[in-house]
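Inspection log for the structure reproduced underneath, given as structure tokens.
The values are calculated or read from the model by the stated rules, or taken from the named source; none is laboratory data. Note that the coordinates shown come from a computational prediction; the quantities given were computed from them, not determined experimentally. For neighbour counting, all protein chains shown are included, and Cβ atoms are generated from backbone atoms with ideal geometry for every residue, glycine included. These area figures cover heavy atoms from the full protein model, side chains too; ligands, DNA and RNA do not enter into them. Shrake-Rupley method; radii C 1.70, N 1.55, O 1.52, S 1.80 Å.
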Amino acid sequence: MPPSYVRELKRLQDEAPATDWSDIKDVIPPHILNALTNVDTQPLASASIGQVHTATLKQTGEKVCLKVQHPHARSLIQDDLWSLKVILKVVAWMEPDYEFLEILMREWAKESVHELDFGKEAQNLRDAQTALDALYPTRDAVLYTTINGGGGDKISFQVEVPRPFDDLCNEQVLVMSFCEGVRIDQFDQLRAWKLSRPAIVDGVAQAFAHFMYTSAIFQSDPHIGNLMVRPGTTQSEEGFTIVVLDWGLAKRLHETKRLAFCELALAAATFDFGLLLDSYRHVGLEMKRENAALSMQNIRFFLRDMAPAAKARKRIKAKIKHDEKYRSTLPKNQRVPMKSKAYPGDFLFFVRVNELLHGLGSKLQVDLQYMDLIRPYAERGLRQSELYNSNNHTGIQSRRERIPPHVKAPGSDKVLESKLVCLFDVLRLEGNFAGAQFYALDKSGRTLANVVAGHQGGLKSHVPMELDTLVLGFSCTKAIVATMAHIMVKEGYLDYDEPICSKSIWPAFCPTQKPPKALEEALVRTPVDADDDTTKMSLDELSQRWTWKRRITLWHVLTHQAGMWSALPAQMTMKSFGSCETCCAAFEYNDENPEETLLPEYGPGQRSEYHYLSFGWLVAGSLCGAFAKRHNMVSVSFEAVYKAILHPRLSLETRTSGFRPCGGSGGHALAKTCTGDIAASKLLQRRRESLAIGEADDAEAKEQAATLDRLKQFRGKEFLLDPRGWNSLDGVEANTPAAGGRFSAAGLAHFYHELGTGRILDPEIVQDVTELLVHDTGLSALQGATSTMAAHGTKGSRGEDDSDNRTCLGCGYQLIRFDKDVDMNHPSAFGHAGVGGSIGFHHKTTGMSVGLMLNKADGGQEITLRIMKEFAEHFGI
């Protein structure tokens, strides 16, 4: 705003024209006037609705404030609201995309009318005091700023709101306690008191974070005229006390909305894309198009760090310019990202309070990391809710230290269980561990060990892991998909060596002998194209890669030799990522979007590189196509194929103990997937944000160039780099056949027992598809732990040096090597591990089957290896 406007408008905070005492006196009932003495007829302050006088209670001698409404305030405000309503109706008629302004206006009118009822304000003050009581552990306790004072220590502070005298209040008059202090922009006085401006803003921001995220009410008008400060607290002359005045415009949120705002703030502070999109849904914001990275950028700018006025103004102008440039590239009806009629009115006050607080920081010339400050309050608000807190109704402190490893429904091998309990306890104390389940069966299907440890992760870190809690299995899911493929080959739906683009399988995958003309026009480089345009290629290269795609078989896919290891759908959102059918369709040729065609990087069978996500979509597309052709169906979902092909072959024990390869909970509790490593997604997001506000550091970008180049395929899909996205509503229901299955350790162990003992596939087929076919060196960090020798660099029993850390692959399964395996080319177990450390396998020699589920995605292979090593040494394998 231009400074001249600001100077004039700020007078409405507490310097508005006052009403003469003779007129004000007529508004005050006699019983209130009779209870007061020493009434100062000159107002202490005057705002747009009322003015405040000081007085003394006759009965106690306590100094009080007498707030009286201006006689014509109601009619003036109602006239203003009517005028705004008319203006915004015209705006909405002219520009339908801005119809949300009328919705916000209705919310504003609904709440601002309450300012005219001082009886309601008295109730707000009482509720605010109740909220403050919950802020302090004890009545006289203090809080501390997040920043240090001059002596290096945190600065103590308290928060105060006036107390109303209920029998001296009505609709137009409010008598309340007098609170000492000065406006927080009285800089000379602050210097005289030696009070730190950053500390004061820190305290104000914490106070409002508490009210907004953890209580039932918050003051919606935190401008400078409503905030005072004084030195000292009730405990000491050190520190300061913040006074929050004027609770006429206070907002009460339904619990669902309050939690949604908590999710929004926490998501922004922690770069949690899934939680952010969930918060949009819970708030009631509906997007025209999902763009998780852009949404994160915008909400993080909204909750940006506070900055002095000049820096803040520069950032805002740069962001406006950046956004205008971006919007100019969009169709007119897409320039407002939210659906106009689905814009929740509650959002207005959330925006208003945060923007006013940022203005306060700029006015006081303060640099403050705002998101870091509000984060603990948002997290506390979620933890104390029933949504995340089924076992602990206080919810504020994590109980992870109080959850010891324990045995559930003990198995027959008490010694093994005891060893695992001790190991899990060590891992928990080391810190790089959240929750775990271990379940082992002997060759007859009898339970050997059943150990559960730790917690359910994330915002459920105070809730113990249970036997039937489902944990995201990541690539453990691939083995289930591969098993479906082997069943369908056996039943004649398709062959291993038949190209998957054949008419009987998936013709849309690569429908013509030669590249279509539209594809040539989209991808073949012309003289006008830039030499460094990596999306373009020569006609010969296009023809070659198209031919490669037509040669891909199911065998190539199952052995990770299809040449499409890094292929991802061009247009991917969190919602579409969870749809197997949508992602499979992205691998088909589409004349309408030929530039999005996915092609192999090299010929099928040339080498094996881990197809971390594309494996699932390539197999699923093939199976669904073959199933639909066999049954004369136009199309079929992957889940329907699973229910027809594999599900009937599973025992009731497997199906009910926790086995959800197509995602979802199935009525089970879900563990949160947690991680402490978000460096990749954070790097991309921070780069995007710095460019938007004109603060990109070219030197830093140069240093990060190599990393940024490796991550370029994830631009706009940053959520794929963050495993917490699987905790979102879309992530939980995602049917992602290479990574989205949810299992308990018991469910996975029972599956491998049934697979290894011939109940799902003929033993001869199992033997054939679990022989060593290829070695894979690509993306070893994503392939999980597949050898106990990698932990200690041991040698095989014949003395071979374990220098070969390549993953051994069968046909859709990983081959698991143990220390005592006689021949390293014939590992003794098969199964599949996931990036998060979870693993399931069947040990051929002993007939044992194991499931291990871990919910900390960045725990690394070391934890899995140590657990497997304990198991292997116990049985001498």
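Any residue at all in segment 435-451 that is assigned to a loop (DSSP other than H, G, I, E, B), open to solvent by less than 20 Å² (accessible area, probe 1.4 Å) and touching a Lys or Arg at 6+ places or on another chain (Cβ under 9 Å)? No, that holds for no residue. So the check is Cβ under 8 Å with 6+ separation or different chains; which pairs have a first residue in segment 667-690 that's farther than 30 Å from Met465 by Cβ and among the basic types (Lys, Arg) and a second one that's open to solvent by 30 Å² or more (accessible area, probe 1.4 Å) and assigned to a loop (DSSP other than H, G, I, E, B)? Listed pairs, sorted by first residue: Arg687/Ala696; Arg687/Gln704. Can you name every residue in segment 364-374 that is in a helix (DSSP H, G or I) and either among the hydrophobic types (A, V, I, L, M, F, W, C) or buried (at least 20 other Cβ atoms within 10 Å of the Cβ) (or both)? Residues satisfying the conditions are Tyr370, Met371, Leu373, Ile374.
Note on segment 57-87: among residues that are of a type in the set (Lys, Arg) and at pLDDT 80 or above, the one that is most open to solvent (accessible area, probe 1.4 Å) is Lys58.
Rundown of residues vs (1) basic (Lys, Arg); (2) part of a helix (DSSP H, G or I); (3) in contact with a Leu (Cβ under 9 Å, 6 or more places away or on another chain), yes/no style:
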position	(1), (2), (3)
Gly61	no, no, no
Pro71	no, no, no
Leu84	no, yes, no
Lys89	yes, yes, no
Leu104	no, yes, yes
His114	no, yes, yes
Leu132	no, yes, no
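Selection of first residues in segment 857-877 that are of a type in the set (Lys, Arg) and of second residues that are modelled with pLDDT under 85 and open to solvent by less than 50 Å² (accessible area, probe 1.4 Å), restricted to Cβ pairs under 6 Å at least 6 apart or on distinct chains, gives the following pairs, ordered by first then second residue: Lys869/Thr788; Lys869/Ala791. In this structure, is Glu290 under 22 Å from the mean Cα position of the chain (by Cα) and of a type outside the set (Val, Ile, Thr)? The answer is yes for Glu290. For segment 117-157, the candidate set comprises residues that are loosely packed, with under 14 Cβ neighbours inside 10 Å and aliphatic (A, V, I, L, M); within that set, the residue that is modelled with the highest pLDDT is Ala134.
Among the residues here, Leu190 does not qualify as open to solvent by less than 70 Å² (accessible area, probe 1.4 Å), assigned to a strand (DSSP E or B) and at pLDDT 95 or above. Residue count for segment 849-875 under the criterion of being under 13 Å from Ala440 (Cβ atoms) and open to solvent by 10 Å² or more (accessible area, probe 1.4 Å): the result is 3. Kindly indicate which of Thr526, Thr559, Thr512, Thr553 is β-branched (Val, Ile, Thr), open to solvent by 40 Å² or more (accessible area, probe 1.4 Å) and under 30 Å from Arg630 (Cβ atoms). Exactly one of Thr526, Thr559, Thr512, Thr553 is β-branched (Val, Ile, Thr), open to solvent by 40 Å² or more (accessible area, probe 1.4 Å) and under 30 Å from Arg630 (Cβ atoms), namely Thr512.
Would it be correct to say that Ala669 is in contact with a Ser or Thr (Cβ under 6 Å, 6 or more places away or on another chain) and open to solvent by 30 Å² or more (accessible area, probe 1.4 Å)? So Ala669 fits the description; yes. Among the residues in segment 247-257, are any open to solvent by less than 10 Å² (accessible area, probe 1.4 Å), outside any helix (DSSP H, G or I), touching a residue at least 24 places away in the same chain (Cβ under 8 Å) and of a type in the set (Lys, Arg)? Among the residues of segment 247-257, at least one is open to solvent by less than 10 Å² (accessible area, probe 1.4 Å), outside any helix (DSSP H, G or I), touching a residue at least 24 places away in the same chain (Cβ under 8 Å) and of a type in the set (Lys, Arg), which makes the answer yes.
Each row is one residue, and each column tells you yes or no for (1) assigned to a loop (DSSP other than H, G, I, E, B); (2) modelled with pLDDT of 90 or more; (3) touching a helix residue (DSSP H, G or I) at 6+ places or on another chain (Cβ under 8 Å); (4) open to solvent by 40 Å² or more (accessible area, probe 1.4 Å).
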position	(1), (2), (3), (4)
Val6	no, no, no, yes
Gln13	no, no, yes, yes
Pro17	yes, no, no, yes
Ile32	no, yes, yes, no
Val52	no, yes, no, no
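Of all residues in segment 493-502, which are touching a residue at least 24 places away in the same chain (Cβ under 8 Å) and more than 39 Å from the chain's Cα centre (by Cα)? Of everything in segment 493-502, those that are touching a residue at least 24 places away in the same chain (Cβ under 8 Å) and more than 39 Å from the chain's Cα centre (by Cα) turn out to be Tyr493, Leu494, Asp495, Tyr496, Asp497, Glu498, Pro499. One residue alone among Val336, Val353 is assigned to a helix (DSSP H, G or I) and among the β-branched types (Val, Ile, Thr), and that residue is Val353.
For segment 691-720, a residue qualifies if it is in a helix (DSSP H, G or I), open to solvent by 30 Å² or more (accessible area, probe 1.4 Å) and without any contact (Cβ under 8 Å) to a residue 24 or more places away in the chain, and the qualifying residues are Asp698, Ala699, Glu700, Lys702, Glu703, Ala705, Ala706, Asp709, Arg710, Lys712. Counting the residues of segment 209-226 that are among the hydroxyl-bearing types (Ser, Thr, Tyr) and open to solvent by 10 Å² or more (accessible area, probe 1.4 Å) gives 2. Does Pro499 count as of a type outside the set (Lys, Arg) and modelled with pLDDT of 95 or more? For Pro499, the condition - of a type outside the set (Lys, Arg) and modelled with pLDDT of 95 or more - is met.
Per-residue answers, yes or no, for (1) modelled with pLDDT of 90 or more; (2) more than 36 Å from the chain's Cα centre (by Cα); (3) in a helix (DSSP H, G or I):
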residue	(1), (2), (3)
Gly793	no, yes, no
Asn805	no, no, no
Leu815	yes, no, no
Asp823	no, yes, no
His832	yes, no, no
Leu852	yes, no, no
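Scanning segment 459-504 for residues that are hydrophobic (A, V, I, L, M, F, W, C) and over 29 Å from Leu720 (Cα atoms) yields Ile487, Met488, Val489, Leu494. Determine whether segment 37-46 contains at least one residue that is modelled with pLDDT under 90 and under 50 Å from the mean Cα position of the chain (by Cα). Checked against the condition, which is being modelled with pLDDT under 90 and under 50 Å from the mean Cα position of the chain (by Cα), segment 37-46 yields at least one hit. Residues that are surrounded by 23 or more Cβ atoms within 10 Å (Cβ to Cβ) and of a type in the set (Val, Ile, Thr): does segment 587-598 have at least one? Scanning segment 587-598, I find at least one residue that is surrounded by 23 or more Cβ atoms within 10 Å (Cβ to Cβ) and of a type in the set (Val, Ile, Thr), so the answer is yes.
Please determine, by comparing only the residues of segment 88-116 that are open to solvent by 60 Å² or more (accessible area, probe 1.4 Å) and within 30 Å of Cys65 (Cα to Cα), which one is nearest to the chain's Cα centre (by Cα). Only one residue fits best here, namely Trp108. Return yes or no: is Val182 modelled with pLDDT of 95 or more, over 24 Å from Leu116 (Cβ atoms) and open to solvent by 10 Å² or more (accessible area, probe 1.4 Å)? So Val182 fits the description; yes. In segment 750-758, is there at least one residue being free of Cβ contacts under 8 Å to residues at least 24 places away in the same chain, within 30 Å of Arg446 (Cα to Cα) and not in a helix (DSSP H, G or I)? Yes, the conditions are met somewhere in segment 750-758.
Tallying residues that are open to solvent by 10 Å² or more (accessible area, probe 1.4 Å) and touching a Ser or Thr at 6+ places or on another chain (Cβ under 8 Å) within segment 721-738 yields 7. For segment 576-602, the tally of residues that are out of contact with any Lys or Arg (no Cβ under 9 Å at 6 or more places or on another chain), farther than 18 Å from Ala620 by Cα and acidic (Asp, Glu) stands at 4.
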